[in-house]
Number of protein chains: 2
Amino acid sequence: MTDPLSADLWPDVRPDAARRLMAAAVDAFAERGFHATTTRDIATAAGMSPAALYVHFPSKAAVLFAISRTGHERALAMVTAAAVGDDPAAGMRRLVEEFAAWHATKHRVARIVQYELQALPPADYAVVADLRRRTERVVQVLISDGVRTGQFHVDDVRTTARAILSLCIDIARWYTTGTRPGPGELGKRYADLVLGMLGAR
Amino acid sequence: MTDPLSADLWPDVRPDAARRLMAAAVDAFAERGFHATTTRDIATAAGMSPAALYVHFPSKAAVLFAISRTGHERALAMVTAAAVGDDPAAGMRRLVEEFAAWHATKHRVARIVQYELQALPPADYAVVADLRRRTERVVQVLISDGVRTGQFHVDDVRTTARAILSLCIDIARWYTTGTRPGPGELGKRYADLVLGMLGAR
C-alpha cells in the first residue's frame, strides 16, 4: 500500500514500509516532539511492530535523519534547478515561488526538517549542515550574478541570502491547511517582496 | 537570588522563584521539548522541589503559558512603541531593528514562545492568539499609513505585514550566540531589506 502523501514527499525511498515509517514519524514528532516519541509510537502509527521498524531503521534518530536529509536534499535540488539560466531576476522569482510554496504545502514535514536539527547525532548533523551551506551558496551566487548584471542592488550578499531562505522557511511555522492565499499565490507574492528586497522591482 | 537573564526577560514577574522556574523551563523545553519535560525537571533545574513549583504554577502548561504570554506581550509593546510617530518609514525602521535584534539576543526564549504554541491549552492559546493578531494589526496599520504618505508601495498589506514579522521571528531559529553580524547590526540590515520590500529605499 503506497501512501500518496509519502510517495510524493519521498519518491526515491524504498520499500513502501520505510516510507510509511517516515510519514508516521513526521506525525508523531509534530504531535509530541522528537524526545517524547518512542520507536513503538512510530511503528504502531505505521501499522507495524517495533521489530519491523528496526528492519528499516536502526533507531528513532535514524528515522529523523532520513526525514531531515531527504528534505534538505530536496531543498538543494529545488533551488539549484530554479537558479539555472542567464536572467538572475527570473531565477530568483522561480526560486522564491517554489521554495515558499513548498514550505506552505509541506508545512508539516518542513517543521520537522527545520526545527528538530539539534536532535540529530553529530555525524548526521554534519551531513545536513553541508546541504544547508550548499543551499545558501546557490542563493548567494544568484544574488552576486544579479548584482553583476545590474538587476540587484545589495550591500551584504550573505545576510540577504540568509534572509530570503529564512523568509520562505518560516512559512512552515505559521501556515496551516486552508490559509489564504494558497501556496502558489503566496509564492508569487513572496517573490515580489524578495525582488523588492533586492532593489529589483 | 535574582538571575540577571530572567530579570531582564521578565522584569514584572514576582517573586524571583517564579522567574527562576520560568528560566529553568525555557532551558528544559529547549533541550527536550515540552512533552518530554516533567515538572520535576523544571523544579530541579531551578533548585526547588516539585512541591515548591506548584506554589507558583499549577502545571507544566501554566509555566509554558507564562513564558508565552509575557513574550507575546513584550512583542506587542515593542512594535506598538516603535510604530508611534508621523513618519511611517522611520517607524518601520525602528520596528524591524528592535524586533529582529530581540529575536537574535533572546533566541532561546523566543523559540519556546514561537514554536510551542500548540502545546498550550485552548483558553491560553486564545489569549496568545489575540496578542498575535494585535501585533500583526500594528504592522498592517503602519504599512497602510506609509502607503497613504506615498512612502510605501504595497499590493497586499496583510501578506506583507505577516512577511515582515515572519522574517524577524525566524532569526530565533538560526541565530546562535556569536553569529555575525551581531543583533544590533543584523537589525539594521534587516530594516534595509524590509524598506526595500516596501518599495521605500
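Every number here is computed from the coordinates shown, using simple stated rules; none is lab data. The structure presented is a predicted model; accordingly, all values stated were derived computationally and were not measured. Neighbour counts are summed over all protein chains in view; Cβ atoms, including those assigned to glycine, are modelled from backbone coordinates with ideal geometry.
Summary of values
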| read-out | value |
| --- | --- |
| Any hit, segment A:145-154, residues being over 12 Å from A:Met92 (Cβ atoms) and either of a type in the set (A, V, I, L, M) or at the interface with another protein chain (Cβ under 9 Å from one of its Cβ atoms) (or both) | yes |
| Matching helices (runs of 4 or more DSSP H) fully within segment A:42-122 where at least 3 residues are touching a residue at least 40 places away in the same chain (Cβ under 8 Å) | A:60-83, A:88-105, A:107-115 |
| Some residue of segment A:10-33 being assigned to a loop (DSSP other than H, G, I, E, B), more than 17 Å from the chain's Cα centre (by Cα) and closer than 17 Å to A:Ala61 by Cα | yes |
| Residue match in segment B:155-173 (condition: assigned to a helix (DSSP H, G or I), basic (Lys, Arg) and over 19 Å from the mean Cα position of the chain (by Cα)) | yes |
| Of all residues making up segment B:7-60, the number that are closer than 26 Å to B:Ala77 by Cα and either exposed (fewer than 13 other Cβ atoms within 10 Å of the Cβ) or away from chain A (no Cβ under 14 Å) (or both) | 22 |
| Condition check for B:Leu165: away from every other protein chain (no Cβ under 13 Å) and either of a type in the set (Gly, Ala, Ser) or crowded, with 17+ Cβ neighbours inside 10 Å (or both) | no |
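Residues checked against (1) among the aliphatic types (A, V, I, L, M); (2) within 9 Å of chain B (Cβ to nearest Cβ); (3) surrounded by fewer than 18 Cβ atoms within 10 Å (Cβ to Cβ):
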{"site": "A:Glu136", "(1), (2), (3)": "no, no, yes"}
{"site": "A:Ile169", "(1), (2), (3)": "yes, yes, no"}
{"site": "A:Thr179", "(1), (2), (3)": "no, no, yes"}
{"site": "A:Gly182", "(1), (2), (3)": "no, no, yes"}
{"site": "A:Gly187", "(1), (2), (3)": "no, no, no"}
{"site": "A:Tyr190", "(1), (2), (3)": "no, yes, no"}
{"site": "A:Leu193", "(1), (2), (3)": "yes, yes, no"}
